[in-house]
Amino acid sequence: MYGILVLDDGSVYFGKGFGAETEKVGELVFTTSMVGYQESLTDPSYAGQILISTYPMIGNYGIAKDFNEGKKVYVEGYVIRDLSHYYYHRKSSMSLDEFLKQYNVPGIYEIDTRSLVTKIRERGVMKAFLKTSKDSLNEIDYKLFYNRITMFNYEEIDYVKEVSIKEIKYIGNGSKMVLVVDCGAKSGIVNELLQRNCQVILAPCNITSTEIKDINPDGVFYTNGPGNPAELKYIYEQIPVIAKDYPIFGICLGNQLIGHAFGGKTFKLKFGHRGVNQACLDLFSNRVYVTTHNHGYAVEKTTLPKELEVWMINLNDKTIEGLKHKELDVASVQFHPEARPGTFDTKWIFDEFVKKL
């Protein structure tokens with residue numbers, strides 16, 4: 001199968017296609033993770049994006065049901081250097097190619113991913129069009145592809161509503177009740193709470209403060225998710241009301257929502273943080289942690305209100321990696337303490353949250 005990737009700067013990359021025979025448009029981003037391609041592909045935070053893996057060999061351990069972070073593949077397309085046609089893992093049940101076909105997602109390989117990533121690091125994230133076909137793509141209408149790219153605007157689409165659960169779901173029977181506002185929750189977050197003897201109430205992203213108070217949980221959790229946090233006023237305007245009565249914690253998008261909730265603003269990073277090796281400094285303990293990331297926005301430090309203080313920072317670019325409220329029981333981190341994939345350096349954060357319930 002043939003594959004073609006067209007970028008919004010007019011550059012064109014030809015390769016071999018795999019996965020579904022289809023075409024998709026999305027925001028082109030990259031992850032530096034060496035492993036965990038299945039977890040990344042099924043992470044709802046990647047909705048609306050075409051993902052590049054910088055690690056060259058992908059697919060060698062296949063696909064296993066236990067490794068999913070969401071109920072399906074959320075990326076619009078997948079770009080890799082080398083596709084492993086042979087796979088092995090004691091839990092694997094299908095190939096990466098079969099997995100993408102199952103969810104109608106196209107992939108392209110034998111692409112110069114180093115060139116692509118260098119371009120993104122210099123220009124910033126880009127819009128792209130990916131097409132796979134059994135027919136040759138040498139004689140095609142590039143103008144048609146470019147028009148599709150031009151019409152696409154990632155920042156203005158509410159992907160959170162697309163990936164969020166639609167009805168409240170009760171999970172587990174723990175002694176503490178945690179209401180998880182599902183903005184695109186990874187299963188790893190839910191599992192970490194379940195392992196700490198919590199009952200999880202997975203709630204739609206548009207749940208109101210009144211509805212939360214009617215349920216009366218022991219604490220409230222705001223998850224990761226896709227898209228532009230500034231467009232999610234219907235979520236973050238509920239937080240100051242809830243914070244008066246319940247402990248609140250946020251991860252990734254949840255960190256950005258807490259920033260907005262108390263008067264701060266967010267900005268779009270040039271090419272985001274996506275990988276499992278980001279060093280973050282805890283300003284309270286002066287300890288450094290290696291952390292897992294998947295985000296394209298960050299809280300702007302100069303806009304922080306006086307009631308919020310910076311808890312952690314990224315040692316690469318000094319962006320905010322964690323916030324704490326000075327008076328209310330509200331805290332958040334920009335990285336993923338549950339990892340999946342990644343290091344387990346910061347799983348203690350879940351312990352600290354549960355202790356407060």
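Taken together, the values in this text are just the output of simple stated rules run on the coordinates, not laboratory data. Computed from a prediction, not measured in an experiment: that's the story for all the values here. A quick note on method: Cβ atoms are made from the backbone with ideal geometry, for glycine too, and the neighbour counts reach across all protein chains shown.
Restricting TYR78, TYR46 to those that are surrounded by 24 or more Cβ atoms within 10 Å (Cβ to Cβ), closer than 17 Å to GLY188 by Cα, among the aromatic types (Phe, Trp, Tyr) and in contact (Cβ under 8 Å) with a residue 12 or more places away in the chain reduces the list to TYR46.
When SER11 is tested against the conditions (1) surrounded by fewer than 16 Cβ atoms within 10 Å (Cβ to Cβ); (2) in contact with a Gly (Cβ under 6 Å, 6 or more places away or on another chain); (3) not aliphatic (A, V, I, L, M), the lone failure is (2). Restricted to the range 81-106, and to residues that are more than 22 Å from PRO56 (Cβ to Cβ) and in contact (Cβ under 8 Å) with a residue 60 or more places away in the chain, which residue is surrounded by the most Cβ atoms within 10 Å (Cβ to Cβ)? Within the range 81-106, the match that is surrounded by the most Cβ atoms within 10 Å (Cβ to Cβ) is LYS101.
Residue-wise test of (1) within 18 Å of PRO341 (Cα to Cα); (2) free of Cβ contacts under 8 Å to residues at least 60 places away in the same chain; (3) of a type in the set (Asp, Glu).
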residue	(1), (2), (3)
ASN255	no, no, no
PHE271	no, no, no
ASN277	yes, no, no
HIS293	yes, yes, no
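Annotation: of all residues in the range 239-289 being aliphatic (A, V, I, L, M) and part of a strand (DSSP E or B), the one that is farthest from LEU357 (Cα to Cα) is LEU269. In the range 310-323, the residue that is nearest to LYS270 (Cα to Cα) out of those that are out of contact with any Cys (no Cβ under 8 Å at 6 or more places or on another chain) and surrounded by 14 or more Cβ atoms within 10 Å (Cβ to Cβ) is THR319.
Within the range 208-227, the residues that satisfy the criterion of being surrounded by fewer than 20 Cβ atoms within 10 Å (Cβ to Cβ) and part of a loop (DSSP other than H, G, I, E, B) are THR208, ASN216, ASP218. Do you know which residues across the range 160-186 are part of a helix (DSSP H, G or I) and surrounded by fewer than 20 Cβ atoms within 10 Å (Cβ to Cβ)? Of everything in the range 160-186, those that are part of a helix (DSSP H, G or I) and surrounded by fewer than 20 Cβ atoms within 10 Å (Cβ to Cβ) turn out to be LYS161, GLU162.
Here ASN191 passes the criteria (1) in a helix (DSSP H, G or I); (2) over 21 Å from GLU338 (Cβ atoms) except the one numbered (2).
Candidates are the residues of the range 136-176 that are among the aromatic types (Phe, Trp, Tyr) and either in contact (Cβ under 8 Å) with a residue 40 or more places away in the chain or touching an Asp or Glu at 6+ places or on another chain (Cβ under 7 Å) (or both); the one that is nearest to ARG196 (Cα to Cα) is TYR159.
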